[in-house]
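The values are calculated or read from the model by the stated rules, or taken from the named source; none is laboratory data. If you're wondering where the values come from, they're calculated on a predicted model, not measured in any experiment. No Cβ is skipped: glycine too gets one built from the backbone with ideal geometry, and neighbour counts run over all protein chains shown. Just the protein is used for accessible areas: all its heavy atoms, side chains included, with ligands, DNA and RNA removed. Shrake-Rupley method; radii C 1.70, N 1.55, O 1.52, S 1.80 Å.
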Amino acid sequence: MKRQFSMEFKVKVVKQALKSDRNTTARNYHLNSIMISRWIREYSEGKYDRVLI
């Protein structure tokens, strides 16, 4: 079954990954680093603008 994550969670993970290493962040949250890379790209494209954290 495919896991779904809230936009708030994605932004939290992206901000953490931008502060430190993507691979470390992926391990800490039990996620794939490729997924985090995609979230970072989407975040930089403004897809998560409506989330204010």
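May I ask you to evaluate 6.51 cos²θ - 1.76 cosθ + 1.60, the Karplus curve with θ = phi - 60°, for each residue of the stretch 3-12 and list the ³J(HN,Hα) values in order in whole Hz, giving x for glycine and proline?
Ordered by residue, 3J(HN,Hα) equals 7, 10, 10, 6, 5, 4, 5, 4, 5, 4 Hz.
Report the charge-dipole magnitude of the chain in Debye, nearest 20, computed about the Cα centre from +1 at each Lys and Arg Cβ and -1 at each Asp and Glu Cβ.
On the way: 12 positive and 5 negative charges, 28 e Å.
Using only the charged Cβ atoms, the result is roughly 140 debye.
For labels at residue 35 and residue 16 in the simple 7 Å Cα→Cβ model, what's the distance in nm?
For residue 35 paired with residue 16, the spin-label model returns 1.2 nm.
Hey, which lysines would be in cross-link range of residue 19, C-alpha to C-alpha under 27 Å, not counting anything within fewer than 8 residues on its own chain?
Once the sequence-local lysines are set aside, what remains near residue 19 is 10, 47.
Where in the chain are there GluC sites (Glu not before Pro) that are in a DSSP coil and have at most 16 other Cβ atoms within 10 angstrom of their Cβ?
In loop regions of the chain (DSSP not H, G, I, E or B), the sparsely surrounded GluC sites (Glu not before Pro) are 45.
So how much accessible area does residue 37 have, in Å² to the nearest 10, using a 1.4 Å probe?
For residue 37, the solvent-accessible surface is approximately 40 Å².
I want to verify the translational diffusion coefficient of the chain in µm²/s; compute it with Stokes-Einstein, Rh as the Kirkwood radius over Cα pairs, at 25 °C and 0.890 mPa s.
221 µm²/s
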